[in-house]
Amino acid sequence: MPEILTRPMCPDDLDRVMEIEHQAFAIPWTRADMEGELNNRAARYQVLTEDGMVMAYAGTWFVIDEGHITNIAVAPECRGKGYGTRVMAAMMRNAVDLGVTYMTLEVRVGNAPALALYKKMGFKKAGVRKKYYEDNGEDAYIMVNDRLQLSIDRAMQEKKLLKNR
Ligand SMILES: CC(C)(COP(=O)(O)OP(=O)(O)OC[C@H]1O[C@@H](n2cnc3c(N)ncnc32)[C@H](O)[C@@H]1OP(=O)(O)O)[C@@H](O)C(=O)NCCC(=O)NCCS
């Protein structure tokens with residue numbers, strides 16, 4: 001069994017994170033964007049490692065009692081194995097620890113895997129931003145979760161992943 005861990009992202013992770021970012025998104029963030037995030041006091045990023053290799057990451061901006069999820073991606077060869085669930089749970093635990101009471105995010109209305117992940121993690125649709133994405137004019141759902149700890153517990157118990165916290 002591979003060793004799966006989550007931990008805060010550090011500068012040494014950037015090469016691998018940028019590789020996954022380019023595999024995951026039509027309009028990837030630049031390396032400068034990601035470096036900026038590491039220096040942004042309002043931002044926190046988590047990575048998931050499999051036997052020491054970064055395979056997923058997720059980020060959030062924290063403003064007072066709100067956490068806004070900015071980014072989440074899993075290496076293509078590792079999708080569908082629960083890694084998205086784990087790195088998102090780590091991010092949400094981080095938010096709870098920081099005293100955040102609710103989290104928000106935007107997601108393409110056609111992104112079925114991401115919608116499935118967010119629903120599993122307790123996020124609910126709260127609205128639509130019309131033509132939010134510049135590349136194809138796709139709408140975004142705004143999603144919100146104000147029951148963070150309950151959602152983490154439910155998602156992790158479902159997959160019996162608690163032993164790897
Ligand atoms: C979205 C993403 C992070 C999901 O990561 P993942 O590791 O595959 O997710 P998990 O394995 O933890 O699965 C989470 C849930 O989503 C479901 N799911 C995963 N892939 C799916 C797919 N292709 N279609 C439908 N549901 C899917 C799983 O069944 C699981 O639910 P379950 O446990 O009830 O069965 C991953 O697909 C990805 O990196 N996509 C590209 C980047 C992206 O779109 N990020 C989101 C931007 S808003």
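Bear in mind that the values in this text are calculations on the coordinates, not laboratory data. Owing to the predicted nature of the structure, the values given are computational and were not obtained by experimental measurement. Heads up, the Cβs are rebuilt from the backbone with ideal geometry, glycines too, and the neighbour counts pull from every protein chain shown.
Tabulated values for the structure
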item: HN-Hα J in Hz across region 126-136 - Karplus 6.51, -1.76, 1.60, θ = phi - 60°, x for Gly and Pro; result: 10, x, 10, 9, 5, 6, 6, 8, 6, 5, 9
item: Alpha-carbon spread of the chain, three principal axes, descending order, Å; result: 43, 35, 31
item: C-alpha center-to-center spacing [region 42-67, region 1-22] in angstrom; result: 10
item: Restricting region 24-63 to chymotrypsin sites (Phe, Trp or Tyr not before Pro) in coil, as DSSP defines it, with at most 13 other Cβ within 10 Å; result: Phe25
item: Around Tyr118: net Lys/Arg minus Asp/Glu count, Cβ-Cβ under 10 Å; result: +4
item: DSSP bridge pairs, the chain: antiparallel proportion in percent, nearest 5; result: 90
